[in-house]
Amino acid sequence: MESVASSPMQPAAPPLSEVVLAITTEASLEKAEGLAQVLLQRQLVACVSLRPLRSLYAWQGGIEDTAEVELLLKTSPCRLAALEACVHDLHSYDTPEWISWRAGASPAYASWLWAATSSRSEP
């Protein structure tokens, strides 16, 4: 099988088994569910896992102790920039948590995820 090298002008497309995971938190289950629904409707994510948690963090010179809901966002690499922009635009916090990383997935799961995040048109 002949390999195809990417040209300097066109980077290689990520492998279809590559997915992106991102984490953010919201102030309540209601806000987390609302954000998740919008992200799903816009096909920016294939899945959002919600988990209640307690966060302790430094903020404006003090230590905060807050109940929050963590959103684990699952998307394709090509949707990451639009996902990040949408989360920052719609989030209830001025400075939302935003951590993302690339991960490998089983071919079947990755195929489903890529199909679910294939945009009919950009939002």
> Since residue 123 meets every condition but one in (1) modelled with pLDDT under 95; (2) in contact with a Phe, Trp or Tyr (Cβ under 8 Å, 6 or more places away or on another chain), which condition does it not meet?
Replying inline: (2)
> So which residues in segment 24-37 are without any contact (Cβ under 8 Å) to a residue 60 or more places away in the chain and under 16 Å from residue 98 (Cβ atoms), if there are any at all?
Replying inline: 32, 35, 36
> Quick one: what pairs do we get from segment 82-100, first residue over 15 Å from residue 33 (Cα atoms), second of a type in the set (Asp, Glu) and open to solvent by 50 Å² or more (accessible area, probe 1.4 Å), C-beta under 9 Å, 6+ apart or different chains?
Replying inline: 82/122; 98/84; 100/84
>> So for segment 49-72 (the condition being among the β-branched types (Val, Ile, Thr) and under 24 Å from residue 114 (Cα atoms)), does at least one residue qualify?
In response: no
> Tell me, which strands (runs of 3 or more DSSP E) wholly within segment 11-123 include 1 or more residues that are of a type in the set (Val, Ile, Thr) and surrounded by fewer than 12 Cβ atoms within 10 Å (Cβ to Cβ)?
Replying inline: 62-75, 99-104
>> Of the conditions (1) closer than 28 Å to residue 18 by Cβ; (2) out of contact with any Lys or Arg (no Cβ under 7 Å at 6 or more places or on another chain); (3) among the β-branched types (Val, Ile, Thr), residue 63 satisfies every one except a single condition; which number is it?
In response: (1)
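The values are calculated or read from the model by the stated rules, or taken from the named source; none is laboratory data. On a predicted model such as this, the values are computed, not experimentally measured, just so you know. Neighbour counts are summed over all protein chains in view; Cβ atoms, including those assigned to glycine, are modelled from backbone coordinates with ideal geometry. We work out accessible area using only protein heavy atoms, side chains counted, and drop any ligands, DNA or RNA first. Shrake-Rupley method; radii C 1.70, N 1.55, O 1.52, S 1.80 Å.
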